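**Q** This structure is in structure tokens; I'll ask about it shortly.
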């Protein structure tokens with residue numbers, strides 16, 4: 001489920017991947033093997049049979065979820081030293097179901113073995129599950145839980161007692177609840193943190209995210225503290241590289257920020273559950289967890305982890321004049337490279353005027369960025385320069401993706417070649433202001449023009465040699481600007497689309513599904529549904545609810561195909577439940593298709609701009625790019641170049657590289673963060689050689 005261009009993933013479009021990723025793991029995903037009475041235990045010590053009575057707890061860790069498993073056990077009779085001890089008891093997974101289920105054939109052997117089955121209706125039918133293991137110690141049992149031929153490890157430990165489950169927090173030390181507004185539909189989420197026994201420890205806490213409405217609980221969450229006092233909650237198990245970037249509310253009891261799963265960032269405000277509201281914040285589990293990420297203790301309740309980051313005020317600020325502001329900090333980097341921040345104010349003429357200093361003036365937003373200077377550059381230098389334009393999705397100036405900062409790497413490489421670069425945070429991202437959600441590619445092009453105009457006027461830069469370097473969506477924006485801003489000196493485009501946006505989406509979905517082993521007929525059905533969804537997104541206005549009825553009709557017409565794709569992966573036994581989940585997910589993803597950016601993108605054809613531009617152009621693709629497939633896009637752009645007649649363009653496809661220009665096996669986004677390389681030397685060398693050929697560098 002992937003974003004059409006950027007390193008961000010986008011779940012709305014990959015219908016096949018969407019259906020296959022809706023798994024809500026059952027209590028015990030199945031295991032290979034059977035429940036034979038003669039199963040070999042781990043321990044073979046004679047007459048090893050600790051006391052069994054009591055409460056036993058374990059965490060079942062599936063590939064995507066962490067789920068609590070609680071057993072209440074009691075021996076049934078005295079037994080003997082030579083025969084297995086029969087056991088009565090129940091098993092519960094409170095993260096999934098309210099009621100406990102009785103154990104069947106539970107027994108503890110004299111050799112330290114322990115096993116049970118769980119009866120689910122007719123024992124002759126599938127979906128039966130159970131456990132086979134052995135005692136590691138008197139209070140620890142290790143084994144495997146099995147169901148329908150699949151297995152997962154499970155270790156259970158005897159505990160004295162369990163904390164109060166609570167109405168909303170599921171026994172967590174702390175919990176927050178908030179709702180995403182997706183096309184007028186509320187999707188409640190819950191954040192749970194365990195950091196005390198028996199569920200976790202302060203040294204090894206457990207942080208989980210739940211989708212309450214979908215009853216999908218226990219997605220593991222990574223927590224990190226950013227320099228600007230923001231907390232990043234990453235949820236790697238969810239498709240779309242889901243994350244929640246938040247800050248504390250003023251009262252210190254809530255979180256406010258943006259949740260992103262794919263392209264669209266959504267506002268998410270979370271409050272601690274009612275049963276925890278009276279607890280002091282300095283004892284709250286999240287604060288204690290984050291203290292481990294800081295060298296010093298957390299600050300006051302009103303502003304946990306607040307710091308003076310030294311961020312510059314943008315030109316729109318009324319707090320001080322330019323003369324009153326401190327001097328701009330300059331960073332000296334290895335090799336004589338230096339960097340300094342800049343801020344560009346962009347007027348928003350399409351918005352109502354605002355009152356400032358007693359006058360009504362045009363609204364504006366500020367773009368914050370970094371200028372990277374070559375060694376020895378001065379105000380009297382005459383260096384060529386590029387404005388770097390990011391791919392789609394809310395991107396910071398470095399186009400950060402996991403451990404990689406692609407634009408930072410390119411900027412430093414260009415500085416070594418004598419080229420100045422200006423890179424900036426997208427509007428509404430990081431230090432830039434403005435409304436990201438309501439923007440289209442055209443709006444982001446306006447931002448890029450504003451930064452380009454700043455570069456042209458910057459001392460030390462040759463105003464006649466200022467080009468644009470764009471990646472992905474930036475590869476659309478570059479030609480869009482150059483087609484009407486004729487002074488753009490050159491274009492360097494990384495993975496630029498040549499096909500209309502709707503075709504880009506469909507081709508990337510089909511290719512990624514193919515690499516993931518989806519059969520051709522299923523891919524074809526998904527493409528039909530995708531085409532129909534795109535057409536509806538353009539036909540109906542975003543606020544027209546009748547479009548949702550059309551979406552449901554599409555699902556009904558293709559239900560047999562969708563059912564076949566989903567029923568094998570969704571742990572629901574009845575067709576009604578499966579169908580409701582498919583409908584809910586497709587409708588939710590359809591809402592993202594109706595956002596301003598997506599509606600513009602689906603309908604937009606970038607190729608005609610190539611018939612109008614007249615500046616030297618380098619376009620590079622990776623052979624393994626599955627987001628902007630090189631063959632079809634190169635073919636389309638070559639056709640446009642032929643119609644241009646005068647364009648000096650070099651189109652290059654580099655072997656083995658992915659959408660981020662890393663050396664990759666498949667090119668699938670799952671590889672991005674696991675590849676050590678940020679950008680392949682062949683891509684950088686291609687840029688360097690082309691700049692030399694154009695006499696921009698020596």
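Where a number appears in this text, it was derived from the coordinates with a stated rule and is not lab data. Quick caveat: nothing in here was measured; it's all calculated off a predicted structure. Here the Cβ is made from the backbone with ideal geometry for all residues, glycine too, and neighbour counts use every protein chain on show.
**Q** What is the packing order of peptides 344-357, 386-399, 648-661, taking the mean over residues of other C-beta atoms within 10 Å and listing the highest first?
**A** Packing proxy ranking, top to bottom: 386-399, 648-661, 344-357.
**Q** By the gyration tensor of its Cα atoms, with a ≥ b ≥ c the square roots of the eigenvalues, what is the shape of the range 601-655: rounded for a/c under 1.5, prolate for a/b over b/c, or oblate? Walk me through the intermediate numbers first.
**A** Working: a/c = 2.25, a/b = 1.30, b/c = 1.73.
In terms of gyration-tensor shape, oblate.
**Q** Another one. Cα gyration tensor of the range 639-678, axes a ≥ b ≥ c as square roots of the eigenvalues: rounded (a/c below 1.5), prolate (a/b > b/c) or oblate? Don't skip to the answer; put the middle values down first.
**A** Details: a/c = 4.11, a/b = 3.37, b/c = 1.22.
It is prolate, given that a/c is not under 1.5 and a/b is the larger ratio.
**Q** Could you sort 671-684, 479-492 so that the peptide with the highest average Cβ count within 10 Å comes first and the rest follow in order?
**A** 479-492, 671-684
**Q** Treat each spin label as a single point 7 Å out from the Cα along the C-beta direction, and report the residue 550 to residue 353 distance in nm.
**A** My value for the distance between the label points is 4.0 nm.
**Q** Residue 532 to residue 435: FRET efficiency via 1/(1 + (r/R0)^6), r the Cβ-Cβ distance, R0 22 Å, to the nearest 0.05?
**A** 0.15
**Q** Moving on to the next point. Under a plain spin-label model, where a point goes 7 Å from the Cα along Cα-to-Cβ, how far apart in nm are residue 360 and residue 623?
**A** A separation of 6.2 nm, rounded to one decimal place.
**Q** Find how much the distance from residue 61 to residue 653 grows on full extension, using 0.36 nm per residue of separation minus their present alpha carbon separation; answer in nm with one decimal.
**A** 208.9 nm is the gain from fully extending residue 61 to residue 653.
**Q** Going by the alpha-carbon gyration tensor, a ≥ b ≥ c the square roots of its eigenvalues, is the range 534-678 rounded (a/c under 1.5) or, if a/c is not under 1.5, prolate (a/b greater than b/c) versus oblate?
**A** Verdict is oblate for the range 534-678.
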